[in-house]
Structures are given as C-alpha cells and as structure tokens.
Amino acid sequence: MNDDKLNECKTVFDIFDKDKDGKIAKKELGDVIRILGTYPSKNDLDKINETLKSDLISYDELLPIFKDIYSKKESEDDLINQFKQLDKENKGKINLTDLKNLMNKSDDVLNFNEIEEILKEDSVDSEGNIDYVKFIKTLLE
C-alpha cells in the first residue's frame with residue numbers, strides 16, 4: 001500500500017472520527033471502506049467485525065484491515081486487466097475455451113474440474129462466454 005493510499009485512509013478515518021478521540025464506531029467501518037472505493041459484502045464485513053475487540057476502533061487497529069483489503073483489490077484489478085487482453089470486443093466477456101486455456105497456462109494451475117466447479121457458480125451464456133469480472137470475484141472469494 002503506497003503513501004497516497006495510506007494518506008487517503010487516514011483522511012477518511014479522520015472524517016469519521018467526529019469527536020477527534022482517535023477512534024470510530026465499528027458500525028461505521030462499512031461506510032469508511034466503501035468511501036475508499038472497495039465494496040465488501042455483508043459477509044466480508046461480518047468477518048472483519050468479528051476480529052475487532054471493541055465497538056470503537058483506532059486507526060492503528062484498522063490499518064492491517066485496510067492493507068488486506070487493498071491487497072485483494074490490487075490482485076483483482078491485475079487479473080481483470082489480464083482478462084481484458086482476451087476481450088477483443090471489450091464486452092466484459094471471454095469465451096469459455098479461452099478461459100480454460102488461460103487458466104491451464106497460469107502459474108497457479110487449476111485443473112479442469114476446479115475450473116468447472118468455479119464456473120458452476122457463474123453463468124455461461126448461449127455463445128459460450130462468461131463475465132470475467134464476476135468469474136474473478138468468485139475465484140478470489
């Protein structure tokens with residue numbers, strides 16, 4: 001996480017720290033994260049909240065959470081950019097055959113059954129294409 005992102009996190013945190021005591025309410029965490037451009041699911045927020053010890057959270061307690069969220073976001077963005085190279089028509093979809101070929105060439109080799117299992121959760125359209133952003137989100141869950 002670069003200095004600009006750290007400063008952005010601190011600025012947003014400070015906005016929510018209305019009484020300037022160096023803490024925000026746990027219930028505001030989702031809003032803070034969304035303002036920073038990441039949209040975690042309710043399940044993700046619940047998992048984060050389970051790790052927090054009190055209803056008031058300091059910036060230092062949130063920093064590892066911010067770093068984890070941004071790390072995942074950067075990985076997702078990198079994968080999307082790789083998939084965009086296969087999306088010649090810029091429609092947000094790639095052919096299932098191209099996906100399987102790409103996944104088989106990847107360093108993190110997934111076998112055919114693993115790809116099929118992931119694809120059960122994503123719909124393949126009548127032309128044999130999948131929405132690769134949705135696929136990537138499923139892959140990274």
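The values are calculated or read from the model by the stated rules, or taken from the named source; none is laboratory data. Treat the numbers as computed from the prediction; the structure is a model and nothing was measured. We place every Cβ from the backbone using ideal geometry, glycine too, and count neighbours over all the protein chains shown.
Look at GLU50 and say whether it is more than 28 Å from GLU127 (Cβ to Cβ), out of contact with any Ser or Thr (no Cβ under 6 Å at 6 or more places or on another chain) and without any contact (Cβ under 8 Å) to a residue 40 or more places away in the chain. In short, yes. Scanning segment 85-96 for residues that are surrounded by 10 or more Cβ atoms within 10 Å (Cβ to Cβ) and either over 18 Å from GLU127 (Cα atoms) or among the β-branched types (Val, Ile, Thr) (or both) yields a total of 1. In the set (1) more than 21 Å from THR138 (Cα to Cα); (2) among the aliphatic types (A, V, I, L, M); (3) modelled with pLDDT under 85, LEU79 fails one condition alone, (1). Among the residues of segment 54-98, those identified as over 20 Å from the mean Cα position of the chain (by Cα), part of a helix (DSSP H, G or I) and either farther than 30 Å from PHE13 by Cβ or β-branched (Val, Ile, Thr) (or both) are LEU96, THR97, ASP98.
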